[in-house]
Amino acid sequence: MSREVVIYYHDSVEVDPSTSWTGLDSTLKSADRVNITSVTDPRVTELFDYARPDAVITVNGKPVVSIEQTQMNPSGHNIPQRFSFQVRAAELGVPSILYYPEYSRRTFSDPNVRYLQVRVPLAQRRLSSIYGVPALSLFWPTDDKTLLPDMRRDAHQEMADVVAAIVANDGQSTSLLTLEEIKRSLENMELVISKYARGYDRNPSVRDVFPDGFNSARTRDGTSVDPPIAARLTRTSELLASIPVGQQGPNWQATEKFLSKRDYSLVFTGTSNQGKTDSEHPWPGYLSLLDVLYLRTDAGISARDREHNLVYVLPVAQSVFIARMNQSSPPTATYIADCFADLIRLERGAVPGRTIRDGSQAIPCMKW
């Protein structure tokens, strides 16, 4: 049976066989290339429901891997902001790869090396475990001399090998975790996690409740990496008591009943964009990472399957947020926040997310 391999891309340079990893494997090199903005096949477009990846590769029309790649230095929120595309891929049974430097300088003028955000591979490890589908960090090589991302095509052989192995397997998720290339990638992620995990501050609100931290975020040696300080673990009863009657959203009795089933809530505070209409870019993606790494049950294939509530605090007017969510195609940042937060605390209001409004998790979600 013939195999038709298609690479859907956002930027043609990123999949150009003369300069990129796609030129290091014969199948990828000869694959058809199609601009991702022109795709209409729902098997591909449903991978875009949270955030559109940089590339999707299909075999005979079936998506076999979803890819995001960046040369950006890996520190801070640069990489976590991209996590939601991997959650969506896992939900659909599609492997995913986030390709970025483990470490690099920011620019030639800045000599300081930045290192990866270790919560990313930790969350990918948990995502892979929950769904049984690989969600990987592969590390863009760093030039030893410049300490900047290595732009030589031949430096990217590992990326080519892993993608080629997935394509050759036609994305059969039941066996992908046993592929040697995938096993090596997961082992490398573990080594990187162990290398960087000890540099993170403890979150006092978490340690007051769980002195040893979250079990779901442990390294091999038992170190638990806490959520960032912008996330605060609090008793749900105290959270609910802090919301004035005049700010309680629609169907508040049902919302309160849902939230009260869990003793604790992780409250994550984001910042708004300049126009105060939506989140700044990093925070919605980070919200999806917090969900998977700290809150999901071990079998939590739905955002409703949590040990603790996820609450998002955003300084945007309630009326603005609701209006944007009720658009036929909600803006990406608004939509991700609504999909993952049990409760969204806005200026002069608190509204339930779709985990409460729509238990079916159907897309599009129920409007207010």
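Nothing in this text is a laboratory measurement; each read-out follows from the coordinates by a stated rule. These numbers come from a predicted model, not from an experiment. Cβ placement follows ideal geometry from the backbone for every residue including glycine, while neighbour counts extend to all protein chains displayed.
For segment 337-348, 3J(HN,Hα) computed residue by residue from phi via the Karplus equation (6.51, -1.76, 1.60; θ = phi - 60°) reads 4, 5, 5, 9, 8, 5, 9, 10, 8, 10, 5, 6 Hz, glycine and proline entered as x.
Just G249, G275, G349 to compare: in a GNM of the chain, with alpha carbon springs under 10 Å, which one fluctuates most? Checking each option, the largest mean-square fluctuation is seen for G275. By the Stokes-Einstein formula, at 0.890 mPa s and 25 °C, segment 30-107 with its Kirkwood radius over alpha-carbon pairs has D equal to 183 µm²/s. Projecting label points 7 angstrom from Cα along Cα→Cβ for F108 and S30 puts them 4.0 nm apart. Place a label point 7 angstrom from the Cα of A155 along the Cα-to-Cβ direction, then list the residues of segment 1-41 whose backbone nitrogen is under 14 Å away. Only 19-21 fall inside the zone, counting backbone N under 14 Å. For the chain, the orientation-averaged shadow of the C-alpha convex hull comes to 18.7 nm² (one quarter of the hull surface). Axis of helix 119-131 versus longest Cα principal axis of the chain: the two differ by about 90°, to the nearest ten degrees.
Near S272, the amide H atoms lying under 5 Å from its own belong to E280; only residues 5 or more places off or on other chains count, and H is placed 1.01 Å from N.
Can you compute the helix-only [θ] at 222 nm over the chain? Use -39500 (n - 2.57) per DSSP H run of at least 4 residues, normalise by all residues, nearest 500 deg cm²/dmol.
Values: 14 runs with 114 residues, N = 368.
Calculated mean residue ellipticity at 222 nm is -8500 deg cm²/dmol.
Between helix 157-168 and the chain there is an angle of about 80 degrees, using the helix long axis and the longest principal axis of the Cα atoms.
Between F48 and D298, the distance separating the two model label sites (each 7 Å from Cα on the Cα→Cβ line) works out to 3.9 nm.
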